[in-house]
1. Let me know the Kirkwood hydrodynamic radius for the range 109-203, please, with Cα pairs as the basis and the value in Å to one decimal.
2. How much net charge surrounds E86 when only other residues with a Cβ under 14 Å from its Cβ are counted (Lys, Arg +1; Asp, Glu -1)?
3. Given N residues in the range 268-317, what is its alpha carbon radius of gyration divided by 2.2 N^0.38 Å?
4. Cut-off 10 angstrom, C-alpha nodes, Gaussian network model of the chain. Which of P255, P128, P42 fluctuates the most?
5. Which value, in nm² and rounded to one decimal, describes the direction-averaged projected area of the C-alpha convex hull of the range 215-317?
6. On the accessible surface of the range 1-149, probed at 1.4 Å, how many percent belong to carbon and sulfur atoms?
7. Amide H of F87 versus every other amide H placed in the peptide plane: which residues, excluding those fewer than 5 positions away on the same chain, fall under 5 Å?
8. Short version: ³J(HN,Hα) in whole Hz for each residue of the range 3-8, in order, from phi by Karplus 6.51 cos²θ - 1.76 cosθ + 1.60 (θ = phi - 60°), x for Gly and Pro, what are they?
Amino acid sequence: MSIRYVVVESEIGAGTRGSSLGIKAMEVVGWNKQSEILAKYPQKTVEVYNQELYNEVDTPNAIRIEPSVKVLQNVTEAVCESVRKEFPIVLSGDHSIATGTIAGIKKAYPTRKVGVVWIDAHADIHSPFTTPSGNVHGMPLAGALGLDNLELKINDLSEKESAGWNAIKNLSGVCPSVLPEHCVYFGVRDTEEQEDQIIEKHGIRNYRVEEIRHRGMVPCLIEAIERLEECDLVYISFDVDSMDCDYISHGTGTPVSKGFDDVEIRQIIGAFLETEKVACLEFVEINPTLDEKKNKMAETAFEILEDVLPIIERINS
Ligand SMILES: [Mn+2]
């Protein structure tokens, strides 16, 4: 089995511009370090629609949901095709595309239980019914879980918004693609009240930075891996804003303090990879236009990839 990079330079789901440049920023890091890891494996570039950013928004509760659905369908197809024969490493702009990644895995393996490791400062579990911002990159996990969260509804949806959201929930052909008990969060620390209630209601475990530092990384990882015991496949979504913006950099759309350092991220990703159940790994939300330390966020993400790639290579050889 080989490895493939699935490149998704989309940023229409974010509230700030620039995340589509994150992948190019990583390529520059590779060039400067004379590292060949990004050139070593074939790439599949998914068609995106960033020109839509210039069009007026007519779906305020799910901004640019129509082109987002098109991007997500393309991601679903690309990941579905790749994951059947290769290990896809998804390099993406904004996090909204993750519903497509999960849907692609589920579409390829509809009868298998898919586990999700969501490493992020944010829970990304809003629906268009609960979102205060309307940004679709705050909704990918709710889309995969098929959760509307109507009991906490603050928005009434237009027909276009409903149709788009239904399409997102049904991308894999199986709704939901994943179950809440098969999801674990790492580093979530910036949530809205509606999200807290949804997480609590569905019992989704969040390994907070303080808990991991207090109890130790190893016991937390053993426990988290056990939680996903009955999953046949695991997918890891790594949002770089899970890392501490003061320690690493602010080169991401929604930076948050008091996050992980890069060593902790390598430990988390590495431990799940060693279970040999991981079918796909994703990097999102690097935004070099916001980086006060030149290209530090992309450098850090690149070094994490450089560090975990040998594990992926060993397990898939
Ligand atoms: Mn995110």
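1. Details: mean 1/r = 0.0736 Å⁻¹.
Roughly 13.6 Å, rounded to one decimal.
2. Details: positive: R4, K40, K44, R84, K85; negative: E81, E313.
With Lys, Arg at +1 and Asp, Glu at -1, the neighbours total +3.
3. On the way: Rg = 13.0 Å, N = 50, 2.2 N^0.38 = 9.7 Å.
So the Cα radius of gyration is 1.34 times the expected 2.2 N^0.38 Å.
4. P42
5. Numbers: hull surface 26.9 nm².
The number I arrive at for the range 215-317 is 6.7 nm².
6. On the way: 2560 of 5290 Å².
In the range 1-149, the share of accessible area belonging to carbon and sulfur is 48 percent.
7. Long-range HN contacts for F87: S2, I3, R4.
8. So the Karplus estimates, Gly and Pro as x, are 10, 9, 8, 9, 9, 10 Hz.
The values are calculated or read from the model by the stated rules, or taken from the named source; none is laboratory data. Because the structure is a prediction, the values reported are computed rather than measured. All Cβ positions, glycine included, derive from the backbone under ideal geometry; neighbour counts span all protein chains shown. Surface areas here come from the heavy atoms of the whole protein model, side chains and all, with no ligands, DNA or RNA. Shrake-Rupley method; radii C 1.70, N 1.55, O 1.52, S 1.80 Å.
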